[in-house]
Amino acid sequence: MTEFLDSYELWRLASIPATAAVVGWLTNWIAIWMTFHPLRFLGIPPWLGWQGIIPRKAEKMARIFVDSSMRRLGSVPELFQGMEPDVIARHIERVLEPRLEHYTDDVMIASKGEVWEQAPKGVKQKVYGAVRGQLPRLVRDTLRDVGEHLEQLLDFKYMVVTRLVQDRRLLNRLFLESGAREFRFLILSGLYFGFLFGLIQLATWLLVPGRWQLPLYGVAVGWATNWVALNLVFRPLHPIRIGPWFVQGLFLRRQKEVAQVWCRIVTREILTIRRFMASMINGPHGDLARQKIVEHLRPVVDQAVTAVGPLAQMAIQPGDLQKITQTFGRKAIEVSADPFEDERFNEERAEVIEAILRERMEELPPEEFQDLLRPCFKEDEWTLILLGAALGGLAGMAQLYFVFS
């Protein structure tokens, strides 16, 4: 019987560091999970339930992403120039040229239907030729004008924030994939640090036994493991020599690796040529962008009207020229997305921008580089630490009730 009691007492004592290790691991895992999940509010709004910290504050986090990260990597005009407007222009020409006659027919029928349908084939061919001849100049002049006034035409923050708010899963991926190794460390470190704190708790128990220690140490372990792990990810900012080793925050040591993952996501999912153009046409400054397109189309219409010859021009009444111009403009806006549906072209432009962003990101000082991942913790860091403390206290109470009662 004495041996049984001794064995039971040893088991109870061994449970102290073991429980602390489990508490450390579990509280860190739950804290990370609750940072990103669930994507939508789960429960009875507004207070009874939970939504991941990042998804819940998606708009704010997206704005932080733009202000703390993207602004340091280049201005909007720089990014657009990096996409090589001349290459974009040639691509647009290649895509639109085979469809030009069809587009011209649509415009002319919509604006001067009977006249166009009765026009001789030779007249139509002259118009097609005139429009085709103006296409290269039209595309290049429009892109040059867009590049010069891009900051007035494109609301960059609106484009990025809208994208990330609409797709909270993508916002999560920016953090989860670029900081995947750090998140694994945060979870596993809870196990190791929890065990070390458990050994301290065991020593205290042997010196001054008291059941009150169990929930108290549970709170301490849950709080300390989260706090220590978070600081090891981002501190120290600069390498510090300790004996033969150099110590630096885990996230900061992987700057080149993180830059590769982060830039690939950003250039394939957010800063694409397709989204640049779509946001410019449909964003807050879309009216101005559409107006510029119509302005550049006016010479095309003039050339087309000249090409139909004097007899056909007689059928064009005052005001018809403006109507044709407006119809051309609507058609141009309608088909503006067509050249950017080419996945191969989008991938080529993404590779160019990725190389630019990676080079700049790898050169960021640690103080700025940490802001890529730090905001997802800093925003509600106290919540994560208090959550760890609360869960640790509950685990200590359970240990008191089931093991030491």
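The numbers here are math on the coordinates, done by the rules we state, and not lab data. Keep in mind it's a predicted model, so treat the numbers as computed, not measured. With ideal geometry, Cβ positions are generated from the backbone for all residues, glycine too; neighbour counts draw on all protein chains shown.
Summary of values
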| quantity | calculated |
| --- | --- |
| Residue among Leu357, Leu96, Leu154 with the largest mean-square fluctuation in a Gaussian network model of the chain, springs linking Cα atoms under 10 Å | Leu96 |
| Residues in region 88-115 that a label on Gln125 would reach, taking backbone N under 19 Å of a point 7 Å out along Cα→Cβ | 98-105 |
| Mean Cβ neighbour count within 10 Å, used as a protection proxy, ranking 75-87, 43-55 highest first | 75-87, 43-55 |
| Value of relative contact order over region 154-280, rounded to a whole percent, pairs C-alpha under 8 Å and six or more apart | 35 |
| For the chain, the spread of Cα positions along each principal axis, largest first, Å | 118, 52, 30 |
| Helix-only CD estimate at 222 nm, as mean residue ellipticity for the chain, using -39500 (n - 2.57) per DSSP H run (n ≥ 4) | -25000 deg cm²/dmol |
| Under-5 Å amide H pairs with Gln51, H placed in peptide plane, nonlocal only | Leu42 |
| Cα centroid of region 48-124 to Cα centroid of region 152-209, whole Å | 36 |
| Overall form of region 212-269 per C-alpha gyration tensor (a/c, 1.5; a/b vs b/c) | oblate |
| Ranked packing of 220-229, 289-298, most packed first, by mean Cβ within 10 Å | 220-229, 289-298 |
| Choice from Val261, Val115, Val22 with maximal GNM fluctuation in the chain (Cα, 10 Å cutoff) | Val115 |
| Stretch gain in nm, segment Asp287-Leu386, where the contour uses 0.36 nm per residue and the Cα spacing is subtracted | 30.8 nm |
| Other-chain or far-sequence residues with amide H under 5 Å of Val247's (modelled H) | Ile240, Arg241, Ile242 |
| Sequence of Trp245, Trp116 once ranked by neighbouring C-beta atoms within 10 Å, starting from the fewest | Trp245, Trp116 |
| Leu400 paired with Gln326, simple spin-label distance in nm, labels 7 Å along Cα-to-beta-carbon | 7.8 |
| Relative contact order [Cα under 8 Å, 6+ residues apart], the chain, whole percent | 31 |
| Cα-based Lys pair tally, the chain, threshold under 30 Å, eight or more apart or on separate chains | 28 |
| Helical segments meeting 30 Å axial Cα length and Kyte-Doolittle 0.5 threshold in the chain (DSSP H) | 2-36, 180-207, 213-234, 381-402 |
